[in-house]
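Just below is one structure, and these are the notes that go with it.
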Amino acid sequence: MFSVFDRSSFPLVKVVISGVPNDEDFDTFLRQWLELYDEMNDFTFLFDIRDLGNVGLKYCLKMTAFIYKLRKKEYQYLQQSVIVLNDNRIQRLVDFIFAIQSPVADVFILTNENDPLEELEYFALNVSRINLDEYENVLYIEPNKSFIPFL
């Protein structure tokens, strides 16, 4: 399975993404994301993409279209996202997505090789723009600041 959503720590939703998606896997991932919006409760994502495979640009473009669609929603239930990665190639894909379509909420990208997801929960629940300087290896991406202004 490409993505596993763990809601046991709600409002923190942990999503482990691994392997390479096919169209059905990716659509299921997006559908599960939208289901969180349908519940109309604020939440935070903790994405672990350290085992993500060689994803094609097709899925990056699908992700930008999805973010564009989310942006049109009246209220953003997603409060922030933490993306944990360990690969420069994947970092460039994430950068590409957010260069085309900025996120709908604060995004913190953490480069981390080994820490278990459970240990990263504290980081995900406590990081903010205010205390960002307390952490190493973190990149902050501001919402609603697309490099392409008409998107």
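Pairing each residue of segment 66-81 that is over 18 Å from V127 (Cα atoms) and part of a helix (DSSP H, G or I) with any residue that is of a type outside the set (K, R) and modelled with pLDDT of 95 or more, provided the two are 6+ apart or on different chains, yields C-beta distances under 7 Å for F66/L30; I67/P103; I67/V104; L70/V104; R71/V104. For N137, the criteria (1) out of contact with any helix residue (DSSP H, G or I) (no Cβ under 8 Å at 6 or more places or on another chain); (2) surrounded by 15 or more Cβ atoms within 10 Å (Cβ to Cβ); (3) farther than 20 Å from F5 by Cβ hold in every case but one, which is (2).
Among the residues of segment 56-112, those that are charged (D, E, K, R) and closer than 20 Å to K14 by Cα comprise D87, D106.
If you check Y59 against the conditions, is it surrounded by 12 or more Cβ atoms within 10 Å (Cβ to Cβ), touching a Pro at 6+ places or on another chain (Cβ under 8 Å) and not hydrophobic (A, V, I, L, M, F, W, C)? It is true that Y59 is surrounded by 12 or more Cβ atoms within 10 Å (Cβ to Cβ), touching a Pro at 6+ places or on another chain (Cβ under 8 Å) and not hydrophobic (A, V, I, L, M, F, W, C). Given the condition at pLDDT 95 or above, under 19 Å from D95 (Cα atoms), touching a Phe, Trp or Tyr at 6+ places or on another chain (Cβ under 6 Å) and surrounded by 12 or more Cβ atoms within 10 Å (Cβ to Cβ), answer yes or no: does some residue in segment 62-82 qualify? Yes, that holds for at least one residue.
Considering only residues in segment 113-151 that are among the hydroxyl-bearing types (S, T, Y) and part of a loop (DSSP other than H, G, I, E, B), the one that is modelled with the lowest pLDDT turns out to be S146. When D38, D27, D42 are checked against the criterion of being in contact with a Leu (Cβ under 9 Å, 6 or more places away or on another chain), modelled with pLDDT of 95 or more and surrounded by fewer than 16 Cβ atoms within 10 Å (Cβ to Cβ), D42 stands alone in meeting it. When we screen L30, L61, L36 for residues that are within 24 Å of Y122 (Cα to Cα), of a type outside the set (F, W, Y) and part of a helix (DSSP H, G or I), the only hit is L36. Of all the criteria given as (1) surrounded by fewer than 17 Cβ atoms within 10 Å (Cβ to Cβ); (2) under 23 Å from F10 (Cα atoms), the one not satisfied by G53 is (2). The C-beta contact set for segment 27-42 (first residue at positive phi, second residue surrounded by 10 or more Cβ atoms within 10 Å (Cβ to Cβ), distance under 9 angstrom, 6+ apart or interchain) comprises M40/Y77.
Between V84, V104, the distinction of being part of a strand (DSSP E or B), aliphatic (A, V, I, L, M) and in contact with a strand residue (DSSP E or B) (Cβ under 7 Å, 6 or more places away or on another chain) belongs to V84 only. Residues satisfying the criterion are present in segment 92-108 (criterion: charged (D, E, K, R) and either over 12 Å from the mean Cα position of the chain (by Cα) or over 25 Å from S18 (Cβ atoms) (or both)). The residue of segment 6-24 that is farthest from E121 (Cα to Cα), among those that are modelled with pLDDT of 95 or more, surrounded by 15 or more Cβ atoms within 10 Å (Cβ to Cβ) and of a type outside the set (D, E, K, R), is S18.
The values are calculated or read from the model by the stated rules, or taken from the named source; none is laboratory data. Being a predicted model, the structure only gives us computed values, none of them experimental. As a convention, Cβ positions derive from the backbone with ideal geometry for all residues, glycine included, and neighbour counts pool all protein chains shown.
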